[in-house]
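First up is the structure itself, then whatever we jot down about it.
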């Protein structure tokens, strides 16, 4: 296991779209171990995505089980080839990123999502997430598509509008 | 780096930011953090500006004169990369009542709540103004302690709430 270097903005590699994982082998597992060790090394990150280490494969890790105030969560998740299939609701929340030091800002995310993914052995999984965990998932999946939270910032003043708007029928982001 | 804080205030019109920043760029200045807002229909901006080829007053004089901007410049002690992450947000929405900002921020200050950002607006109509304020800040206190500090400040016509901000680092 090794702690790898986290790419920082404005590194162009953070903008690159990652490729699906096809081989669920020892090499993949070794990388996942490094990804987890790197996530744990820095400031308390609830998630990390492979491209943040310059490794352009669709792999993320999230763990929302240790927040200051407990939130609904599925514990520690290693998600390979995650794909969001449904979005519902909108919510504003503050985000930061290991790849964007010394900055946090407000981003609108779907409140509830459904997703499909594979585990590290290639087994298919399905999840329903809400709130903070759904936000973490969307933040990390964005990395796989070369999108950072700073690409989605909204004005602080937007926070005044708490009216909820619902999006029907899960529009694809890609 | 030596920073100066430059404040510009004047009637809002198209192109102020562009003309001001162009003058500063041509004068060899760098910009740090800046914040521009329209307040009561006025253009207002505060900018951290580093020293240029000439005194800042001189560099900005012509543009400020043409756009009729009031200029205020102070040397400041300050650096970039000093952001602090807020962990609580306070919202106040309701009737425009004198003393509400002083009441709320006074109670917060007594609880060791450091205001990091504050924005307030008057919405509604001239006959029925609605006051809207959001405060983001940092406090070591619990939510319950802060809530009780704010108890009784709102009343029937003013909705006042405080909620934790859980910043997601991913």
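The values are calculated or read from the model by the stated rules, or taken from the named source; none is laboratory data. All values reported here derive from a predicted model rather than from experimental measurement. Don't worry about glycine lacking a Cβ; one is built from the backbone with ideal geometry, like all the others, and counts go over all protein chains shown.
Only one of the listed residues (A:93, A:47, A:75, A:54) is within 13 Å of chain B (Cβ to nearest Cβ) and either farther than 25 Å from residue B:136 by Cα or at pLDDT 95 or above (or both). That residue is A:47.
The single condition among (1) within 17 Å of the chain's Cα centre (by Cα); (2) in a helix (DSSP H, G or I) that residue B:48 does not meet is (2). Number of residues in region B:151-170 that are more than 21 Å from residue A:93 (Cβ to Cβ) and facing chain A (nearest Cβ under 10 Å): the value is 0.
When region B:108-117 is filtered for residues that are in contact (Cβ under 8 Å) with a residue 12 or more places away in the chain and more than 14 Å from chain A (Cβ to nearest Cβ), the ones remaining, listed by number, are B:108, B:110, B:111, B:112, B:113, B:114.
Across region B:118-150, what is the number of residues that are more than 11 Å from residue B:88 (Cα to Cα), within 14 Å of chain A (Cβ to nearest Cβ) and part of a strand (DSSP E or B)? Qualifying residue count, region B:118-150: 11. Can residue A:29 be described as part of a helix (DSSP H, G or I) and out of contact with any helix residue (DSSP H, G or I) (no Cβ under 8 Å at 6 or more places or on another chain)? So residue A:29 fits the description; yes. Tell me yes or no: at least one residue of region A:138-146 is within 16 Å of residue A:44 (Cα to Cα) and at pLDDT 95 or above. Looking for residues that are within 16 Å of residue A:44 (Cα to Cα) and at pLDDT 95 or above, one finds at least one in region A:138-146, hence yes. The condition (being within 24 Å of residue B:138 (Cα to Cα) and in contact with a helix residue (DSSP H, G or I) (Cβ under 8 Å, 6 or more places away or on another chain)) is satisfied by just one residue among B:48, B:36: B:36. On the given criteria, is residue A:35 in contact with a strand residue (DSSP E or B) (Cβ under 7 Å, 6 or more places away or on another chain), more than 12 Å from chain B (Cβ to nearest Cβ), farther than 29 Å from residue B:88 by Cα and assigned to a helix (DSSP H, G or I)? Judged against the criteria, residue A:35 is a match.
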